[in-house]
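Have a look at the structure below, then the notes.
The values are calculated or read from the model by the stated rules, or taken from the named source; none is laboratory data. Since the structure is predicted, the reported quantities are computational estimates derived from the model, not experimental observations. Note that each Cβ is placed from the backbone with ideal geometry, even for glycine, and that neighbours are counted across all protein chains shown. In case anyone asks, the SASA skips ligands and DNA or RNA and just uses the protein heavy atoms, side chains included. Shrake-Rupley method; radii C 1.70, N 1.55, O 1.52, S 1.80 Å.
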Amino acid sequence: MPEGRSPILELQGITKSFGGVEALRGVDFALLPGEIHGLVGENGAGKSTLMKIIAGVHTEFSGRFLIDGQETHFRSARDAHAAGIAMVHQELSVAPDLTVAENVFLGNQPTNRLGLVQWRRMAREAGEQLSRFGIDVDPMSRLGDLPIGLQQLIEIARVLFSGARIVILDEPTSALSPPEVERLFTTLRRLREQGTAIVFISHFIEDILRVSDTVTVFRNGRKVAETASTATSKGALIEAMIGRGGEALEHSYSDDLMLPRPSDSSVVLKVDQLSLARSLNDVSFEARAGEVLGIYGFMGCGQQELSRILFGKLKPDAGTLAVDGKPKTFASTAAARRAGVALVPESRRAMLFHQEPVYKNISISILDRISSLLLKPAQERDIAQRQVEQLQIRPPVVGLDLGMLSGGNQQKVALAKWLTYPPKLLVLCEPTRGMDVGAKNDVINIVRDLRAKGLAIIVLSTEPETVLSLADRILVLKRGAVVREFKNEPVSKDRLLEAA
Amino acid sequence: MASSETAPAAGQRAKGLAPFLRSQMRNIAPFLTLIFLSGFFALASPSFATIDNLGNILTQVSVTGIIAVGLTFVILCAEIDLSIAGIANVTGIAVAYFTLQESYVNIPNIPLAGAAAILLALLLCAALGLVNALGLTVIGIPSFIMTLAMMQIAAGISALLVRGQIAYKVPSLITTLGSGSIGGIPWIVIVAAIMLLGGHLVLTYTRFGRYVYMVGGNREAAEYSGLNVKLILGAVMVISAVCSGIGGMLGVAHFGSAQQNEFDTYLLDSIAAVVVGGTSLFGGRGGIGNTIVGLFVLGVLNNGLDHVNIDSFLKILIRGVILLMALIINVYAQRLREKAAD
């Protein structure tokens, strides 16, 4: 840890609660100029809340907030921005219909004296900035046409080059390929040389250890450890995060894992020669009862579209689906649900009602089974309460608005929606993305339970660990086509990456 | 009022009073507006705060109330229906068109039995609502544009039916419900009360009502929960058209005549009642309770301005300003709630 410098940002005794639920309890946090500060902790441990306080998103909290030793109180994110604080949020916030250059200069395009945008200058400067970041792309191309990883890199670049003194990155690497992560780290190190203070939040502990100078660990709204990254290890950090021996939980999957002999139970889903415009090309596979089928591929390989077709949200251009041997063409998601198909999409926002209580979120998919005309709220609450207890959702209050729950707990609610009357086929997209070790483990156990109950489960993920930890059989999807099937043979992270 | 919000509210009380009040801003603000307006007019005019005048206000808001029931469903789904007044007008004209008129009414109409006339008129408004529904869900025309076109289509059918003339007779059942009274209470007030109560019960206690709130709260999530979102959206468009049709038939009996452009002011009034009451324009929040408060705010305002000495041309402007204020509160309340839930 660099010595002899005074902190650029200092927080003392920060406490923040959301309606009686304390998200932060008396947290002290200091950030030095020219430091990369890693932040780890389970979902709901308080990392994101603390960062949102720093970025001026949450303005009500107790405790002291000092910038350059001066006590400050931001009233909005704009104030924080003016003070030189910039944040890259977990979810992409770009304008896909604008050009790359416009996105880089979003909000402060260079203009001439008449106030007209200087397109040529903007394109040139955007190109220069991006190439310093190692991104080689035509600044005048439409951003939405680029791969997601590149879009995320461009968004990060925009924030990094905005001249901010303090940059907060929340899970910046989750959508990036390994070489892209490398470029990001090189840039972060260069910014550190220039004196920028960087906060780096990630669930990838290896990334944190590689790039940061200092690591702070959060647990249950408290700071439980702060150490130089050279003086700690992955195991030690995980132990601090979850407060119990963590070695067994995090499997590295670098060694070969033996996939079981393929199941000969009944075929629940048969997909035949599915094609969709530029996304999917002649995809065929089967999913069997009591089996977890993993579908692995890089971002943009067609997984998302495939999952939408299975749930009746998208219509394929060609190909057929059959559930339990009966051909189906789903006209709507309602038809897919009736046929016994359930989907948990990768974005929680897309399937949950944040302003509604937990029990209404859980009961929405099964209302037609428990009530014909009139609602039965007591029964809804009972069912929800059982799910909340079974999945250990915290806090276990079914009347609480969903928005009050942490991300990992929201993900469990998303699963709980489908579990009271289990479907025949459960399609899970990125079921553990952005989750901490403990919550990941919970989800893995839930999925294994469901498999034991005889559900056919499809897990689609861009994270090899997710697929390896869950799947009995693995398909590798590449540019919309199945390029490899792993079954009854050894598989490892390396083999998967190689196939993709 | 607004008991549809009390269930989630109970769970939030633990958070403390200030956030609770903030999250309930959309229910509290219209109520305060109503109390303020009533107090103001009661002080300004001795003839305002009387039992007789309360009866007047109730009668005056009845047609708006009947139309606003269906519109509440639509706005809860984050859609809009601009064809309500047009459909009310054409349905009122249709029921007169199928009724035997006095000999001096020069309309080439088709007189039928009263029950048949009412049934045909109801079928007409339901059919127009179905066209709205299909345009919105199957073709994918935004409801704003779809119902704008329907407004014109309804006006066109009205024009063809009456051809610039005025019809007076409607079936006796409609005459009774529109202009009769029982025990001193006008039937039209009773019908409006029953329809508002019915709407409230459907929204609060039925599965369909829950779906309306969920589709309005987060349409994408509703779809990913396997709800038939298009069916629900289509249903609310038909409900809205049928409520408008009933309002139109009773309105024609209430006014004593059926003619072109008779309901034009009801478009703005109905939307204003729903929105002033605090139902969110972004969907998912509010309900019939809010609409009732909104109806009273508008009713008290319109009626009260007649009781005080004020330039009648200024009234229009005042109504516009009140509506703008309500819209500001509506949007602001949404933001406060999102913050409280953040």
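For the stretch B:211-246, how many residues are in a helix (DSSP H, G or I), open to solvent by less than 20 Å² (accessible area, probe 1.4 Å) and within 14 Å of chain A (Cβ to nearest Cβ)? Talk me through it step by step, then tell me what you get.
Within the stretch B:211-246, the subset in a helix (DSSP H, G or I) is B:211-217, B:219-224, B:229-246.
Among the residues that remain, those that are also open to solvent by less than 20 Å² (accessible area, probe 1.4 Å) are: B:212, B:214-216, B:221-222, B:224, B:229, B:232-234, B:236-237, B:240-241, B:243-245.
Pick out the ones that are also within 14 Å of chain A (Cβ to nearest Cβ) and you get B:212, B:214-216, B:221-222, B:224, B:229, B:232-234.
The number of residues fulfilling the criteria is 11.
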So, residue A:114, is that one in the same structural domain as residue A:182 (by TED's automatic domain parsing) and either aromatic (Phe, Trp, Tyr) or within 29 Å of the chain's Cα centre (by Cα) (or both) or not? no
If residue A:192 passes every condition in (1) surrounded by fewer than 17 Cβ atoms within 10 Å (Cβ to Cβ); (2) touching a residue at least 12 places away in the same chain (Cβ under 8 Å) but one, which one does it miss? (1)
With A:382, A:368 as the choices, which residue is at the interface with another protein chain (Cβ under 8 Å from one of its Cβ atoms) and outside any loop (DSSP other than H, G, I, E, B)? A:368
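Filter the stretch A:346-376 down to residues that are of a type in the set (Ser, Thr, Tyr), under 18 Å from the mean Cα position of the chain (by Cα) and surrounded by 19 or more Cβ atoms within 10 Å (Cβ to Cβ), then give me how many there are. Can you show your working first?
If we filter the stretch A:346-376 for residues that are of a type in the set (Ser, Thr, Tyr), which is where we start, we get A:347, A:359, A:363, A:365, A:371-372.
If we keep only those that are under 18 Å from the mean Cα position of the chain (by Cα) too, we end up with A:347.
In the following step, the residues that additionally are surrounded by 19 or more Cβ atoms within 10 Å (Cβ to Cβ) were identified as none.
Adding up the residues that qualify gives 0.
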Which ones in the stretch A:452-476 are among the aliphatic types (A, V, I, L, M) and surrounded by fewer than 22 Cβ atoms within 10 Å (Cβ to Cβ)? A:452
Please tell me if residue A:449 is open to solvent by 10 Å² or more (accessible area, probe 1.4 Å), more than 26 Å from residue B:223 (Cα to Cα), in contact with a strand residue (DSSP E or B) (Cβ under 7 Å, 6 or more places away or on another chain) and assigned by TED's automatic domain parsing to the domain that holds residue A:311. no
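Looking only at the stretch B:176-210, which residues are of a type outside the set (Val, Ile, Thr) and within 14 Å of chain A (Cβ to nearest Cβ)? It would help to see each step written out before you state the result.
As a first pass, look at the stretch B:176-210 and keep what is of a type outside the set (Val, Ile, Thr): B:177-181, B:183-184, B:186-187, B:192-193, B:195-201, B:203, B:205, B:207-210.
Once the filter is applied, which keeps residues that are of a type outside the set (Val, Ile, Thr) and within 14 Å of chain A (Cβ to nearest Cβ), the stretch B:176-210 yields B:198, B:200, B:201, B:203, B:205, B:207, B:208, B:209, B:210.
Yes or no, residue by residue, for (1) open to solvent by 30 Å² or more (accessible area, probe 1.4 Å); (2) touching a residue at least 40 places away in the same chain (Cβ under 8 Å):
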site	(1), (2)
B:104	yes, no
B:111	yes, no
B:117	no, yes
B:124	yes, yes
B:127	yes, no
B:131	yes, no
B:145	yes, no
B:159	yes, yes
B:164	yes, yes
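Let's see how each residue does on (1) of a type in the set (S, T, N, Q); (2) on the phi > 0 side of the Ramachandran plot; (3) surrounded by fewer than 24 Cβ atoms within 10 Å (Cβ to Cβ):
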residue: A:268; (1), (2), (3): no, no, no
residue: A:271; (1), (2), (3): no, no, yes
residue: A:276; (1), (2), (3): no, no, yes
residue: A:284; (1), (2), (3): yes, no, yes
residue: A:289; (1), (2), (3): no, no, yes
residue: A:292; (1), (2), (3): no, no, no
residue: A:295; (1), (2), (3): no, no, no
residue: A:306; (1), (2), (3): no, no, no
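Pick out the one residue from A:468, A:460, A:415 that is touching a helix residue (DSSP H, G or I) at 6+ places or on another chain (Cβ under 9 Å), part of a helix (DSSP H, G or I) and away from chain B (no Cβ under 14 Å).
Working: A:460 fails: part of a helix (DSSP H, G or I); A:415 fails: away from chain B (no Cβ under 14 Å).
Answer to the selection: A:468.
So, in the stretch B:23-63, exactly how many residues are open to solvent by 70 Å² or more (accessible area, probe 1.4 Å) and farther than 15 Å from residue B:290 by Cα? Spell out the reasoning first.
First, the residues of the stretch B:23-63 that are open to solvent by 70 Å² or more (accessible area, probe 1.4 Å): B:31-32, B:35-36, B:40, B:43, B:46, B:49, B:51-52, B:54, B:56, B:60.
Add one more test, that the residue is farther than 15 Å from residue B:290 by Cα, and what stays is B:36, B:40, B:43, B:46, B:49, B:51-52, B:54, B:56, B:60.
The total comes to 10.
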Going through the stretch A:320-337 one residue at a time, which ones are among the charged types (D, E, K, R) and either open to solvent by less than 20 Å² (accessible area, probe 1.4 Å) or facing chain B (nearest Cβ under 8 Å) (or both)? A:337
Out of A:86, A:101, A:157, sole residue that is open to solvent by less than 70 Å² (accessible area, probe 1.4 Å), part of a helix (DSSP H, G or I) and at pLDDT 85 or above: A:101
